[in-house]
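Asker: Take a look at the following structure, please.
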Amino acid sequence: MICSRTLVERSISMEQSFSWIIVALAVPLVGMLVVGAVFIKKLRESSVPLTAEERKERSSVPLSLLQKVSLAGLVLGIAECDALYIIFRTKGGAAEYWENDSMRLLVVAIFIGTLVVQSFLIALASRTADEREQRAIKAAPQFQVVGIIIGLALWQLYLGQKFHDAGTVPIVYNYLTFGTIFILYMLSWFTGVLCSNRFGRLDA
Amino acid sequence: MPKDNITNNIRKLRFEHGEMTQAELAKRVGCSRQTIVLLEQGRYAPSLALAFKVACVFDKTIDNIFTYESNDK
């Protein structure tokens, strides 16, 4: 009797949890669709197709310092993701990260090291950018918001599925969620600067 | 809503001023070469400060260089 009641309660809580996950995923997805639609609409309104001559001229211009710095930051961030992925795959997962001091030290060192270099690159980019590029920098937070929402939605889904039956999430995932969201925050800044600089209409 | 168009004759003025390069003009007005390219193509409307700097380089007034074309019908 007790056992069957527990099963019923569990199935009810599972249904509630699934519907909650669907709602939680739907909200950021709808938000992303709206942001994407507005972005594409604005881009179409403002852009006049480049002529062949204009395209040739634009492609012949070397990258500006802001673009070089943003590209370097993006490549560094992707390399960081690759390195962390390899470490977690080869040395063990989240549980091992929590238990193994040397692994944790290595992960934190990579995280902090990359963060310091990227912060330096952002400071350099902000100081050397001209007026048009400053507008590209100001547009970057829009990309960061989308990046953070996607990251949180993915974590929420993963943790909800993985620990649904346990009912609690190990505390190590607090740190991992923060770390990955912060990495996404930095990556989307560089992506935002590059995309705005290339595709955005940045009139004064 | 389509943006208003600001055209200019910077490219012509560069050639009239000893075939000044885009890079040289960019250096003199303190912006990137890409901004100059977009400016010449009419794909970037500069700030008033940048417009004045460009005008100073060519020793002209702003309205000698930039022309405003409204999209309002």
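The values are calculated or read from the model by the stated rules, or taken from the named source; none is laboratory data. Keep in mind that this is a model prediction, so the values were computed, not measured. Please note: Cβ atoms are built from the backbone with ideal geometry, for glycine as well, and neighbour counts cover all protein chains shown.
Asker: Which of the numbered conditions does residue A:193 fail, given that it passes all the others? Conditions: (1) out of contact with any Ser or Thr (no Cβ under 6 Å at 6 or more places or on another chain); (2) within 14 Å of chain B (Cβ to nearest Cβ).
Answerer: Of everything listed in (1) out of contact with any Ser or Thr (no Cβ under 6 Å at 6 or more places or on another chain); (2) within 14 Å of chain B (Cβ to nearest Cβ), residue A:193 misses just condition (1).
Asker: Another question, if that's okay. Test of understanding: among A:123, A:129, A:109, which residue is small (Gly, Ala, Ser) and crowded, with 16+ Cβ neighbours inside 10 Å? Break it down into steps so the answer makes sense when it comes.
Answerer: Working: A:123 fails: crowded, with 16+ Cβ neighbours inside 10 Å; A:109 fails: crowded, with 16+ Cβ neighbours inside 10 Å.
Of A:123, A:129, A:109, the one residue that is small (Gly, Ala, Ser) and crowded, with 16+ Cβ neighbours inside 10 Å is A:129.
Asker: Here is a follow-up. Assess whether residue B:60 counts as being part of a loop (DSSP other than H, G, I, E, B), at pLDDT 90 or above and more than 9 Å from chain A (Cβ to nearest Cβ).
Answerer: Values: part of a loop (DSSP other than H, G, I, E, B): yes; at pLDDT 90 or above: yes; more than 9 Å from chain A (Cβ to nearest Cβ): yes.
So residue B:60 passes the test.
Asker: Any residue at all in region A:4-11 that's away from every other protein chain (no Cβ under 14 Å), assigned to a helix (DSSP H, G or I), farther than 27 Å from residue A:156 by Cβ and at pLDDT below 70?
Answerer: Here is the first cut: in region A:4-11, the ones away from every other protein chain (no Cβ under 14 Å) are A:4-11.
Subset that is assigned to a helix (DSSP H, G or I): A:4-11.
When the remaining residues are screened for being farther than 27 Å from residue A:156 by Cβ, the result is A:4-5.
Subsequent filtering for residues that are at pLDDT below 70 retains A:4-5.
So far as region A:4-11 goes, yes, one or more of its residues are away from every other protein chain (no Cβ under 14 Å), assigned to a helix (DSSP H, G or I), farther than 27 Å from residue A:156 by Cβ and at pLDDT below 70.
Asker: Taking region B:35-54, which residues are aromatic (Phe, Trp, Tyr) and facing chain A (nearest Cβ under 8 Å)? Even if it seems obvious, please write down each step before you answer.
Answerer: Of region B:35-54, the ones aromatic (Phe, Trp, Tyr) are B:44, B:52.
Result: B:44, single match.
Asker: Then there's this: Tell me which residues, restricted to region A:76-92, are surrounded by 13 or more Cβ atoms within 10 Å (Cβ to Cβ), in a helix (DSSP H, G or I) and of a type in the set (Gly, Ala, Ser).
Answerer: So in region A:76-92, the residues surrounded by 13 or more Cβ atoms within 10 Å (Cβ to Cβ) come out as A:76-78, A:80-81, A:83-84, A:87-88, A:91-92.
From what's left, in a helix (DSSP H, G or I): A:76-78, A:80-81, A:83-84, A:87-88, A:91.
Across region A:76-92, the qualifying residues are A:77, A:83.
Asker: Could you please give the count of residues in region B:25-57 that are surrounded by fewer than 16 Cβ atoms within 10 Å (Cβ to Cβ) and within 23 Å of residue A:68 (Cβ to Cβ)?
Answerer: Counting residues in region B:25-57 that are surrounded by fewer than 16 Cβ atoms within 10 Å (Cβ to Cβ) and within 23 Å of residue A:68 (Cβ to Cβ) gives 3.
Asker: Please enumerate the residues belonging to region B:21-73 that are more than 24 Å from residue A:62 (Cβ to Cβ) and among the basic types (Lys, Arg).
Answerer: Correct list: B:60, B:73.
Asker: Residues A:201, A:132: which one is assigned to a helix (DSSP H, G or I), over 18 Å from the mean Cα position of the chain (by Cα) and over 23 Å from residue A:113 (Cβ atoms)? If you could, list the steps in order and put the result at the bottom.
Answerer: Details: A:201 fails: assigned to a helix (DSSP H, G or I).
Sole residue among the options that is assigned to a helix (DSSP H, G or I), over 18 Å from the mean Cα position of the chain (by Cα) and over 23 Å from residue A:113 (Cβ atoms): A:132.
Asker: State whether one or more residues within region A:93-115 are over 20 Å from the mean Cα position of the chain (by Cα) and not in a helix (DSSP H, G or I).
Answerer: Within region A:93-115, one or more residues are over 20 Å from the mean Cα position of the chain (by Cα) and not in a helix (DSSP H, G or I).
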